[in-house]
Each structure stands twice: as C-alpha cells, then as structure tokens.
Amino acid sequence: MHIEFLLEEPSSEAALSNLLPKLLQKEDSWKFITFNGKSDLLDSLEKTLRGYSKWIDESIRIVVLLDRDSQNCIALKQDIEAKAIKSGLTTKSSSPTTFQLVNRIAIEELESWFLGDANALRTAYPKVKYFENKAKYRNPDEINGGTWEALEKLLQNVGYYPSGLPKVEVARNISKHMNPNSNRSRSFNAFKDGILACI
C-alpha cells in the first residue's frame, strides 16, 4: 500500500517521518505533501483531491491531517468530508470498507500527541519530570489554553528553549521515541486506527 499524506505544516511531517515506520509494513510506502499552513491546505483541498480522483487506484490511500485549533471539530470534519466527496473520492467515514481517503484531526493540535506519550517526552527531554498525573495533563486533548503553549511551558520550566519552541525540532525529537500503542491522546489513537485501516 502507498499512502499520500496531506499535511498543514512541517512539524507534522517531522513527526510522521518517525511514526510511520512503527505503524506500517516494510513493503508500504508513503509521500508527504506539506502545505503552507491550515488555511492553505483547506483552500487547496478540493482541487487537490479532484486531481487524485482522476488517477488513484486501489493500491493508494490519501490521509488528510489537520489541527483542530479552536474550530468546532464536527464542523471541520464535515467540511473536509464534503470536499472529499465532492471531488469524487470515498472517505472512511462514508464507506468504512471501501474507502480511498481518511480525514483525521489532531485535537487540539499535534502537540497533544506528544503530551500523550509522557515516556517519549521525558526520553527526549530528560529534565522533564513526571507530569502526566497532574489534572491539567491527564487528558492531552482537553488542555486549556492550547497544547502547543502547554508543551512550551512544560519544557521552558525546566530550562529548554527559553526563546521559544522550535516546533519541527521538538516534533522530531519526541516522535523518535513514541510508542504508538501507549498514547493517551484520543485523537492520536483515532489517527493510528485510520492508518492501520489503510493497510
């Protein structure tokens, strides 16, 4: 199976470069198409998917990955589902057994996946102590004030990145150590299930 990933930013690509070998088979392949932010991906999505619909075959799947940010998750999912169907592709939500495309949303942001794997985070950044049982971090998909900001504060409090969080570097460092089978983020597990359904 070959999977083409439509991503909104380079940090997603950095994370998936480390995660996909842990999820896919050796014979599977993938390609990243990284857009210039979420708005660029959403604005280009229908046209991009219409292009795929002209040549895609049963050996190829498409995965669209977006951050929810502050948007309504249901409305965002409905929007990208509608664009996919309008372009002529079948989605996993509309046709669970014969789909061409999987839409997934990182809630609230990709950083919730990193906060969901505390062991990976501590391995990448050893000065970080046990944080996952504090009320704020128990559910990484529901952290108030943004998961990017929460991760930045967690790292800065122990001396990492005092001048700001380099998202691509942090994504690469943490994802390298992530165990896809022990993540507390529901959105990560939904993403993982979608990927496994492709192969």
In order over region 47-62: 3J(HN,Hα) from phi, Karplus 6.51/-1.76/1.60, θ = phi - 60°, whole Hz, x for each Gly or Pro, gives 5, 4, 5, 4, x, 4, 4, 7, 9, 4, 10, 5, 8, 10, 10, 10
Residues meeting the amide H criterion for I3 (H placed from the backbone, H to H distance under 5 Å, 5 or more places apart or on another chain) are S29, W30, K31, R61
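What whole-number volume per residue, in cubic angstrom, does the convex hull of the C-alpha atoms of the chain give?
On the way: hull volume 21.9 nm³, N = 199.
With only Cα atoms used, the chain gives 110 Å³ per residue.
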Given 164-175, 86-97, 104-115, the highest-first ranking by average Cβ count within 10 Å works out to 104-115, 164-175, 86-97
HN-Hα couplings for region 157-174 via Karplus (6.51, -1.76, 1.60; θ = phi - 60°), in whole Hz with x for Gly/Pro, come out as 4, 10, x, 8, 6, x, 9, x, 7, x, 4, 5, 4, 5, 4, 5, 5, 6
What the Cα atoms of region 56-146 span along the principal axes, largest first and in whole Å, is 49, 29, 17
Within region 109-157, DSSP-loop trypsin sites (Lys or Arg not before Pro) with at most 12 other C-beta atoms within 10 Å are K127, K129, K134, R138
With all protein chains present and a 1.4 Å probe, the order of H2, H177 from largest accessible area down is H177, H2
Within region 130-199, DSSP-loop chymotrypsin sites (Phe, Trp or Tyr not before Pro) with at most 12 other C-beta atoms within 10 Å are Y130
Here the net charge surrounding S53, from other residues whose Cβ is less than 14 Å away from its Cβ (Lys, Arg +1; Asp, Glu -1), is +2
Computed over the chain, protein heavy atoms only, probe 1.4 angstrom, the accessible area per residue in square angstrom equals 47
In this structure, among K22/K127; K134/K192; K38/K77, pairs with alpha-carbon gaps over 22 Å are K22/K127; K134/K192
Put T48, T123, T147 in order of accessible area, largest first, probe 1.4 Å, and you get T123, T48, T147
Applied in sequence order to region 71-85, the curve 6.51 cos²θ - 1.76 cosθ + 1.60 (Karplus, θ = phi - 60°) yields integer Hz couplings, x standing for Gly and Pro, of 6, 6, 4, 5, 5, 5, 5, 4, 5, 6, 5, 4, 5, 5, 5
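The values are calculated or read from the model by the stated rules, or taken from the named source; none is laboratory data. In this text the structure is predicted, and so the values were computed from the model without any measurement. Every residue, glycine among them, receives a Cβ derived from its backbone with ideal geometry; neighbour counts consider all protein chains shown. Surface accessibility is based on the protein's heavy atoms, side chains included, excluding ligands, DNA and RNA. Shrake-Rupley method; radii C 1.70, N 1.55, O 1.52, S 1.80 Å.
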